[in-house]
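Novice: I am attaching a structure below and will ask some questions about it afterwards.
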Amino acid sequence: MWFASPADVRERLAAVDYLADDAIATSVFLAAALGKPLLAEGPAGVGKTQLAKAVAAATGARLIRLQCYEGLDEARALYEWNYKKQLLRIQAAGGQDWDSAHDDIFSEEFLLERPLLAAIRADTPTVLLIDETDKADVEVEGLLLEILSDFQVTIPELGTVTAVRRPYVVLTSNATRELSEALKRRCLYLHLEYPSPERERDIVLSQVPAIEAELAEQLARTVATLRALELKKSPSIAETIDWANTLLALGRTALDEETTGATLGVVLKHASDQERARKELGL
């Protein structure tokens, strides 16, 4: 069993510095208890990917990550054959007949295992992270539907491979496009937003224990103010933590106007965003 209860999820994730609220803890528990993939959706930088990493760290499981992108195909997601090595074997075999050569080159030795196949064949606890699913082409969803339905795949040359131990699956999406209803039906759904200033303060204190509580409070409230602006890219939780580490490195004990202006580039990566923030914050 992955987790005993939602409370167990909160406790164990907190031990690896991931502060889960009730919705996150319940969803993580149910995904394990029901054996269903967890689809975590929300804007970039709210901790979706980190959630999968935290589940793996908290349970001692192996993390296997499939990073999705436009143009991702079955060969990169599932498996492909090592064609160069196969060609060398055929050349080395000389006059070997095709049937013998075929059985030889289409064997485990020449199989290049990609993330989905690796997760299916794993015999130890595994967390499969399918990251930024919405960036992949629609055709990839068909492959994911097949894999997530039966946790098996057929390799024509080797036969059907069925999972001996189902992985814990987390799919993330930034909601840049709608995922198919068929894929969503197979998943539990968790919507993540940026944390409240109070929760982000606690996250900063957890990740940067050397920082003063008052400064962490200032940081969290300033970042919340920035996120309320119309920016090209709102600061992520990771960038808030970077800002905290930046202030420690500079030996600053308060987020005054001078410090904010000098370090704004840690959290805002577009010139127009910085210009808007300086105007709104009166820097």
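Novice: Restricting segment 45-79 to residues that are out of contact with any helix residue (DSSP H, G or I) (no Cβ under 8 Å at 6 or more places or on another chain) and over 30 Å from residue 223 (Cβ atoms), which is modelled with the lowest pLDDT?
Specialist: The qualifying residue modelled with the lowest pLDDT is 75.
Novice: With segment 1-95 as the region, which helices (runs of 4 or more DSSP H) entirely inside it contain at least 3 residues that are surrounded by 21 or more Cβ atoms within 10 Å (Cβ to Cβ)? Working first, answer last.
Specialist: Working: elements: 6-15, 22-34, 48-59, 74-77, 83-93.
Output list reads 6-15, 22-34, 48-59.
Novice: If residue 128 satisfies every condition in (1) at pLDDT below 85; (2) crowded, with 19+ Cβ neighbours inside 10 Å but one, which is the exception?
Specialist: Only one criterion in (1) at pLDDT below 85; (2) crowded, with 19+ Cβ neighbours inside 10 Å is unmet by residue 128, namely (1).
The values are calculated or read from the model by the stated rules, or taken from the named source; none is laboratory data. All values derive from a computational prediction rather than experimental measurement. Note that we place each Cβ from the backbone using ideal geometry, even for glycine, and neighbour counts take in every protein chain shown.
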